[in-house]
Amino acid sequence: VPEYRNIHFYFCHRWLHIRWIYKYIHSIHHRNTDVEPFSGLAMHPVEHLFYYTCYGPFLLLLAASTSISTVLNIPFLVFWMGFHTALSPAAAHSGWEDHFSSDLMHYLHHHYCECNYGANPVLDSMFGTYQPEFRDQSQQQTEKQKQHGSIKTTNATKVPRRQSRRQSLDPKATMERCWWPENPMYQFGTLTLLSVTLWGTCSSRLSPLVSAVLLTTEPVLWAMCLAVLTRAPSLAWRKVFLAPFDKDPLWSLILHLGMAVLLGVLPATYLLYIILSPPPIP
């Protein structure tokens, strides 16, 4: 079970970092750039839905089970998974390092955003996204400038002008305009789409299966539509849909997207289908 949690977290988490999903859904979690325990489960409701899809195998196992011993073990597994999903984010976002949770690894993820997607280094090392320590900021800035040709390679490197404290603050880490929802067009649009779908379900105009599919996919597809509508003319379409993984090989993209659908989207759809289906008549 712990290893399945690691696999599920890596692929679903990396999927949430695709540009158009990150902007409208996962970026709320990344408001916390200097993490603390309560930031572990501070996320968009849509992200909560996919985070808890780690229960997917238990649902399938319970539905297909004919063994009494398997059925009796399901409550224990669900109880263990519930504790892990509720408590492990607090440990991983504590800012302290121990031998049972990858705190520093996830702290670096919140700092850089494009590394350390897993709960341990195994999958990140396999796919080249592992960052074990802080980078040298001055060296990183110099290398970036060299790549863009903005400075000449000389013995003396020009030090960039120091920013003011207000300019250096991450806007997402402040409480400015906290009374106004971030990306209001996405929030109101998603609420409208979900409300219409629920109305169709309650009025029996939509079947439970259709409703479950719509409730799972509408928030993600609406984010994609907004990304297309707000695309900058200079931004390549590949970056719109795949960044920051737009340079990954095709096999890697297929693997990661396929695993995200298998481990995240399908279990969420199945869970909603169970909830919306009428109870069987005894």
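The values are calculated or read from the model by the stated rules, or taken from the named source; none is laboratory data. Remember, it's a predicted structure, so these values are computed and weren't measured experimentally. Note that we place each Cβ from the backbone using ideal geometry, even for glycine, and neighbour counts take in every protein chain shown. These accessible areas exclude ligands, DNA and RNA; they are computed on the full protein's heavy atoms, side chains included. Shrake-Rupley method; radii C 1.70, N 1.55, O 1.52, S 1.80 Å.
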> Looking at 216, 201, which is the one that is open to solvent by less than 70 Å² (accessible area, probe 1.4 Å) and more than 21 Å from the chain's Cα centre (by Cα)?
Replying inline: 201
> Where residues in region 26-40 are in contact with an Asp or Glu (Cβ under 9 Å, 6 or more places away or on another chain) and either among the hydroxyl-bearing types (Ser, Thr, Tyr) or under 16 Å from residue 85 (Cα atoms) (or both), which of them is most open to solvent (accessible area, probe 1.4 Å)?
Replying inline: 33
> From the list 17, 93, which one is open to solvent by less than 70 Å² (accessible area, probe 1.4 Å) and either of a type in the set (A, V, I, L, M) or at pLDDT below 90 (or both)?
Replying inline: 93
>> Restricting to region 1-14, name every residue that is open to solvent by 40 Å² or more (accessible area, probe 1.4 Å) and part of a helix (DSSP H, G or I).
In response: 2, 3, 4, 7, 9
>> Residue under question is residue 70, and the condition is that it be β-branched (Val, Ile, Thr), at pLDDT 70 or above, touching a helix residue (DSSP H, G or I) at 6+ places or on another chain (Cβ under 7 Å) and surrounded by fewer than 18 Cβ atoms within 10 Å (Cβ to Cβ); does it hold?
In response: no
>> Among the listed residues 157, 153, 190, identify the single one that is surrounded by 15 or more Cβ atoms within 10 Å (Cβ to Cβ), at pLDDT below 55 and either out of contact with any Gly (no Cβ under 7 Å at 6 or more places or on another chain) or part of a loop (DSSP other than H, G, I, E, B) (or both).
In response: 157
> With respect to the numbered conditions (1) touching a residue at least 60 places away in the same chain (Cβ under 8 Å); (2) open to solvent by less than 40 Å² (accessible area, probe 1.4 Å), which one is the sole condition not fulfilled by residue 239?
Replying inline: (2)
